[in-house]
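Have a look at the structure below before the remarks.
Any read-out appearing in this document is the output of simple, stated calculations on the displayed coordinates, not a laboratory observation. Since this is a predicted model, take the numbers as computed values, not measurements. All Cβ positions, glycine included, derive from the backbone under ideal geometry; neighbour counts span all protein chains shown.
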Amino acid sequence: MMELCPITLREANDFVESFHRHNKRTSRDGGKFAIGLTQGDELVGVAIVGLPLARMLNDGFTAEVLRTCTNDKAEKGAVSKLYSACWRAWRAMGGRKLVTYTLTTESGASLRGAGWSIIAETKPKGWNGGTRNRSWQPIYGQKKFRWEVTV
């Protein structure tokens, strides 16, 4: 039986670093909250929600699921459960929109199962700008779908 649990951003990022297949930990600057998923006494999944990376979406009522991650011990439906929990928590905080991104090569079944819809396809681009220089990661050069759920 999978159960949701509170978790710190640091604990969630440590889990992401250990188990995520293509992303690293998130920046501490934009993190709002994290949700854990356990089976028994073991953490099997996490979700991290933060400020939208796209500045045009940062209106105070929109947040972004920056990471979801599960390990091989998580049951089927674990990621959908995390996405649904993120939306419920954000709505309880007064949020009106939640967005996330997937690679176009990913199925998106977990998001569809949680009631999300694709609303855009992004173009690959770099992340350096002004005084912000980030180390290149291969994921930056790939097309992505933007998903959203709204009130």
Q: Please work out how much length the chain gains when fully extended from R112 to D72, using 0.36 nm per residue of separation minus the C-alpha to C-alpha distance, in nm with one decimal.
A: 12.3 nm
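Sort S84, S107 so the one with the fewest other Cβ atoms within 10 Å of its own Cβ comes first.
Taking fewest neighbouring Cβ atoms as first place, the list is S107, S84.
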Q: Work out from phi, with θ = phi - 60° and the Karplus expression 6.51 cos²θ - 1.76 cosθ + 1.60, the ³J(HN,Hα) of each residue of segment 86-93, listed in order in whole Hz, and give x for Gly and Pro.
A: 4, 5, 4, 5, 5, 4, 4, 8
Q. Extension gain I119-R88, at 0.36 nm per residue separation less the Cα-Cα distance, in nm?
A. 9.1 nm
